[in-house]
Amino acid sequence: MMITQHRTPHATRTAGFRTCADRPAALLSRCPAYSRTPLVESAALARDLGLCALWVKDETSRMNLGSFKALGGAFAVVQLLLDRAGVADPMSPAAKETAKGLTFITASAGNHGLSVAAGAQVFAAQAKVVLSAAVPEAFARRIERTGAEVIRVDGSYEDSVAEAVRLARDEGWIHLADGSWEGYTHQPSLVMEGYTVLAEECRAAFTEIGHWPTHVLLQAGVGGLAAATAAHIREYWPEQPEIIIVEPDAAPCLHDSVKARRLVRASGPVSNMGRLDCKDASMLAFETLRHDADAFATVSDAAASEAVVALAEAGIDTTPSGAASLAALRELSLPGDAEAMIIASEGPES
């Protein structure tokens, strides 16, 4: 494990993603599939780790799509549709008519594409999802069942992003990536806005409990979930935890970028943490986490696989990507009075 401390003052946030969960919560609350996912306290895991407490935010059944990504892509589709139609009601005739002529395209490691495809399906818009060779066929089949078209490309996740950019430009389609870069931030900021619903659910749950974690571990691919959650914590949680960002040791794009103080591409082999195996960080995530995170940690494929088993024994079935933060927690030396929160970010592949 590699861990780098990165402490900055959190009192004034001057850069990065600005968060508010009210708008996505209002839209998503109208979706019959939406409900708050569980925040589970696991005494057994806490005891095994030598911690005072451990909470797991269980995203494995989120909105019947099986990951936190359901919050981001689907919300962004709806908000972009409303903006195009110039209306506030997604069920209005104007919104439905506008949707008929729209095609959304995105690259994905699996779950984001499924969310975009599901959002487009609700409004009878078209969706195209570009998948690299490494994405399991099971994800392709699930995306196709929404009526979306899957486009396969050779190479890496980064190659699928490049192809989505090209097709959006050449065909006039709406590019809805969850990563951001210079000149492309609006659509990914909407995706991240959707993710803040998860952080707000956690804030509400801890308020009800009357207790707050001392440490929050957030796994990251391009960094959208991590940055959105960290930003929400820094702005809205009354008790401030240490925030630790967790990446595969094969793809530490945020760690390397923050260390270099600029966006840099990570290098490494293919990781079994497929949804986190991203070599280029999102610009918005980088600008946010360089201010809001306390530390960056990396975990090995073997450690992530072992964490899958540990979570399964606690009753949560996930993947190495979903278990990455637990993998880091198992290797960190937190004090015995620490109370941690992690996210089981996706269910098992199917």
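Within the range 25-51, if we keep just the residues that are polar (S, T, N, Q) and closer than 19 Å to Asn64 by Cα, the residue that is least open to solvent (accessible area, probe 1.4 Å) turns out to be Thr37.
Any residue in the range 103-113 that is more than 18 Å from Gly224 (Cβ to Cβ) and either modelled with pLDDT of 95 or more or in contact with a Pro (Cβ under 6 Å, 6 or more places away or on another chain) (or both)? Checked against the condition, which is being more than 18 Å from Gly224 (Cβ to Cβ) and either modelled with pLDDT of 95 or more or in contact with a Pro (Cβ under 6 Å, 6 or more places away or on another chain) (or both), the range 103-113 yields at least one hit.
Among the residues here, Ala226 does not qualify as crowded, with 24+ Cβ neighbours inside 10 Å and touching a Gly at 6+ places or on another chain (Cβ under 7 Å). The set of residues in the range 131-152 being of a type in the set (A, V, I, L, M), surrounded by fewer than 18 Cβ atoms within 10 Å (Cβ to Cβ) and either more than 21 Å from the chain's Cα centre (by Cα) or assigned to a loop (DSSP other than H, G, I, E, B) (or both) consists of Ala133, Ala134, Ile151.
Just one residue in the set Ala295, Ala310 is modelled with pLDDT of 95 or more and in contact with a helix residue (DSSP H, G or I) (Cβ under 8 Å, 6 or more places away or on another chain); that residue is Ala310. Among the residues of the range 335-349, is any closer than 23 Å to Ser267 by Cα and either crowded, with 20+ Cβ neighbours inside 10 Å or of a type in the set (S, T, N, Q) (or both)? Taking every residue of the range 335-349 in turn, none turns out to be closer than 23 Å to Ser267 by Cα and either crowded, with 20+ Cβ neighbours inside 10 Å or of a type in the set (S, T, N, Q) (or both). Quick check on the range 313-344: of everything there that is small (Gly, Ala, Ser) and out of contact with any helix residue (DSSP H, G or I) (no Cβ under 7 Å at 6 or more places or on another chain), which residue is nearest to Asn272 (Cα to Cα)? The qualifying residue nearest to Asn272 (Cα to Cα) is Gly322. Of the residues making up the range 249-279, those that are farther than 22 Å from Ser67 by Cα, assigned to a helix (DSSP H, G or I) and touching a residue at least 40 places away in the same chain (Cβ under 8 Å) are His255, Val258, Lys259.
Scanning the range 194-204 for residues that are of a type in the set (Gly, Ala, Ser) and buried (at least 19 other Cβ atoms within 10 Å of the Cβ) returns Gly194, Ala199.
Does the range 108-124 contain at least one residue that is assigned to a loop (DSSP other than H, G, I, E, B) and under 22 Å from the mean Cα position of the chain (by Cα)? Yes - at least one qualifying residue is present in the range 108-124.
Every residue, every condition in (1) over 16 Å from Leu326 (Cβ atoms); (2) in contact with a helix residue (DSSP H, G or I) (Cβ under 9 Å, 6 or more places away or on another chain); (3) modelled with pLDDT under 95, yes or no:
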{"site": "Leu225", "(1), (2), (3)": "no, yes, no"}
{"site": "Pro241", "(1), (2), (3)": "yes, yes, no"}
{"site": "Pro248", "(1), (2), (3)": "no, yes, no"}
{"site": "His255", "(1), (2), (3)": "yes, no, no"}
{"site": "Arg262", "(1), (2), (3)": "yes, yes, no"}
{"site": "Arg265", "(1), (2), (3)": "yes, yes, no"}
{"site": "Met273", "(1), (2), (3)": "no, yes, no"}
{"site": "Leu276", "(1), (2), (3)": "no, yes, no"}
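For the range 323-350, taking the residues that are under 30 Å from Val135 (Cβ atoms) and polar (S, T, N, Q), the one that is nearest to the chain's Cα centre (by Cα) is identified as Ser345.
The values are calculated or read from the model by the stated rules, or taken from the named source; none is laboratory data. These numbers come from a predicted model, not from an experiment. Using ideal geometry, Cβ is built from the backbone for each residue, glycine included, and neighbour counts are taken over all protein chains shown. Accessible surface is based on the protein model in full, side chains and every heavy atom, while ligands, DNA and RNA are left aside. Shrake-Rupley method; radii C 1.70, N 1.55, O 1.52, S 1.80 Å.
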